[in-house]
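Structure record follows, encoded as structure tokens.
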Amino acid sequence: MANSATGTAGPDGICFGPNGSGKVYVSMFVHRGGNPRKSQWLASVTPTTEYEVFCRADSQDWRDSAHNYWGVLDAEASSLGTRGERLAKFLRNEVETAAWHGYPVSPASGSAGDTPEDVLVESWISAGSVAVGRKIQRRRI
Amino acid sequence: MRILKLFIPGDFEDARLYMGHLLAFTADRRLRIVELEPLTHALHERYPMWRGLLTLAFARNDWLVTSQFHTLMSNDAFADSLRAGIDHFPADGLEVDAVPNAEELPGFSVEGDVLLDTLFYASRMYIGTEAGFFDFDVDWQSKQVSRSRKRLDARCVSASAEFGAVNASCEEEDLFTGYDEFGWSTATDGSQLRHTANHSLRTAWLRTDLVNYDSLTHSSLLKGRTEKVDATYGGASRTRKLVTELSVERESLDFLLEELSQRKSLESDQIQFVGNSSGAFFVNTFERGFFTIIWLRSEDQAKERVIVTEYPGVTGRVVSVHGSGAGVIVETDFSCHLFSEGSCIPLLDGEALNVRTFPSSKRYRNIMAVTVEDGVYLIAIVDL
């Protein structure tokens, strides 16, 4: 999983990594109180935990066809966001070496961009990575 | 009001009660049929202290509201005996370790890997998967599929049906409706679905109109044009009201939420969930409580009224709201509650994959089927 659990403060957030696959990650301040219009990580989900969720998504290759990564905190998909969001989306990086970042999302919002593809969720279900995969596919999370 | 639970373990994705059967969709795409009365009779043998009660609660809940039953309940010895049985019923429910006479529906096969929604209407079974929207005509007595069709290619996440019409919500691929599905008006079987609206996550009838939700909180109202027809179905002739067309009446029902926000001094971003039954809207907020809105409509919009009622007791994010004979069932991320006559009664402490109620059913108005990760709960609401 994460090979650097301690972050360093940067202008946009707390920086982690590089991880085992060479990716650098930033826990963005805008998703931690800096911009209330954006989805917010729960305080109990520390920047280090956020980075671990990303690293797991990376190591498991939980990537959609648009190359976004998707993550969960645990098999129960425990809450990640202040508004009950239970999934995390890590936006595709145009530049290979640029830092990654992510935020909590809820497929129930009705926004296609907040929902992982069926095939990815099927892989979670098959591997037992998420117990509530069908709820995700049904937009009920 | 007492809550009795029966747990049937298994790897299920959805379950419904229909015409004396528990119909459970398995993870490997089969449809398992459990006859409810043989099931409760078998349980009576194992649990003689609840002999009769299990059938009353789970198979023939409708008997509890008959005049014959009320006559029996006027006998104190009978009433005390029945109530004692209920008092001793385990709070966590009974687990069924062997299901007698369970069968599978032969010939049932549906395209797709992801079962998204199921719906039973007038003996027809509708199914939404990631590969489309399908229907199956089933003879539930002989347990045979007589016809199956693919109605749409789009990923269908949700369906609703009433007044002879079925609605298929296909997210960004829009909302489609089949009218006069059973040929009650035109002697056709309405095989062609028509485009009804853009973007749909789910729909719910508001009397003969349809509310289309394109997000958790935003909806529009589609006016239903109706006609009455004399239709024969299942050997019986009766007058039916059909919805023959849906057209946009209100592009947005946000004004209801604005009214709520004004009256309760809520910020609009506090709204977490909106749903509706035939007569009311249900609104949950992130931190300010749960509300019902009754919208008294009028031809003259200036004369319309809105009644807002606040209900305590809902904590957490609401996932769905369902009508039942006993009251409103509210599903949150990690629990289910019944709202009835001002009380909030816990039904299930845990996460549901699916919650099904049957408010239009004769037998199952006071029973719900809740699919969880390792089985199905039948939850009976008994008011003696």
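The values are calculated or read from the model by the stated rules, or taken from the named source; none is laboratory data. Note that the structure is a prediction, hence the values are computed from the model and not measured. Virtual Cβ from ideal backbone geometry, glycine too; neighbours counted across all protein chains shown. We work out accessible area using only protein heavy atoms, side chains counted, and drop any ligands, DNA or RNA first. Shrake-Rupley method; radii C 1.70, N 1.55, O 1.52, S 1.80 Å.
Descriptive notes on the structure:
- Hey, B:Asp300 open to solvent by 80 Å² or more (accessible area, probe 1.4 Å) and without any contact (Cβ under 8 Å) to a residue 12 or more places away in the chain or not: no
- Here B:Thr118 meets each of (1) polar (S, T, N, Q); (2) under 25 Å from A:Gly110 (Cβ atoms); (3) part of a helix (DSSP H, G or I) with one exception, condition (3).
- The listed residue being away from every other protein chain (no Cβ under 14 Å) and out of contact with any helix residue (DSSP H, G or I) (no Cβ under 8 Å at 6 or more places or on another chain), out of B:Ile294, B:Ile367: B:Ile294
- B:Ser160 vs. criteria within 14 Å of chain A (Cβ to nearest Cβ) and either buried (at least 19 other Cβ atoms within 10 Å of the Cβ) or farther than 30 Å from A:Ile136 by Cα (or both): no
- B:Glu173 fulfils the conditions (1) in contact with a strand residue (DSSP E or B) (Cβ under 7 Å, 6 or more places away or on another chain); (2) within 14 Å of chain A (Cβ to nearest Cβ); (3) open to solvent by 70 Å² or more (accessible area, probe 1.4 Å) except for a single criterion, (1).
- Selection status of B:Thr208, surrounded by fewer than 18 Cβ atoms within 10 Å (Cβ to Cβ) and not hydrophobic (A, V, I, L, M, F, W, C): yes
- Subset of the stretch B:223-256 that is hydrophobic (A, V, I, L, M, F, W, C) and touching a Lys or Arg at 6+ places or on another chain (Cβ under 9 Å) - its residue that is most open to solvent (accessible area, probe 1.4 Å): B:Val248
- Residue match in the stretch B:315-331 (condition: open to solvent by 40 Å² or more (accessible area, probe 1.4 Å), farther than 29 Å from B:His21 by Cβ, among the hydroxyl-bearing types (Ser, Thr, Tyr) and modelled with pLDDT under 95): yes
- Candidate set from the stretch A:131-141 (those that are more than 7 Å from every other protein chain (Cβ to nearest Cβ) and touching a strand residue (DSSP E or B) at 6+ places or on another chain (Cβ under 9 Å)); member that is modelled with the lowest pLDDT: A:Ile141
Let's see how each residue does on (1) touching a residue at least 12 places away in the same chain (Cβ under 8 Å); (2) in a strand (DSSP E or B); (3) open to solvent by 30 Å² or more (accessible area, probe 1.4 Å); (4) touching a Phe, Trp or Tyr at 6+ places or on another chain (Cβ under 9 Å):
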site	(1), (2), (3), (4)
B:Leu338	yes, yes, no, no
B:Glu351	yes, no, yes, yes
B:Pro359	yes, no, yes, no
B:Arg365	yes, no, yes, yes
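- Any hit, the stretch A:111-118, residues being surrounded by 24 or more Cβ atoms within 10 Å (Cβ to Cβ) and more than 10 Å from every other protein chain (Cβ to nearest Cβ): yes
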